[in-house]
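Below: the structure, in structure tokens.
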Amino acid sequence: MPAGFAAHAAGRAAAQGYPLAAFALGDLYTGRIFRYHVTRDELAACTWYAIASSLDKQNDWEPVQTQPILGMRSELSDRMEKSRKNLGAGQYAACGSRSAEWMAAHLQRRTP
């Protein structure tokens, strides 16, 4: 139950534009956190890391949480590269498509 609650809460925070929440979901699906409670899913991890990157470019969280955002940025490219290596070309393309679809759906909802 803790992993399900964490995923739900992080998904809601990401939908509100918080990149660290999407980054945490990527970690959740790689097994970095809640290792024994969540099935490892490299495609989901890649998708959430790509969303984290996109959200980071869309908003201004750095002035509010400088150190956490800078920490995320320093690790994000390595995690994306590991995802790329773990996924085949087709799945990596699906990662990009899924993250773009998620961003389009959630940016539309946030637009006044």
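Each value in this text was obtained by applying a stated rule to the coordinates, not by laboratory testing. This one's a predicted model, so the numbers in the text were calculated from it and none came from an experiment. Backbone-built Cβ (ideal geometry, glycine too); neighbour counts: all protein chains shown.
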Cβ crowding within 10 Å averaged over residues, with 38-51, 91-104, 8-21 ranked highest first: 38-51, 8-21, 91-104
Shape call, the chain: gyration tensor on alpha carbons, a/c limit 1.5: rounded
Globularity index of region 56-112, i.e. its alpha-carbon radius of gyration over 2.2 N^0.38 Å: 1.38
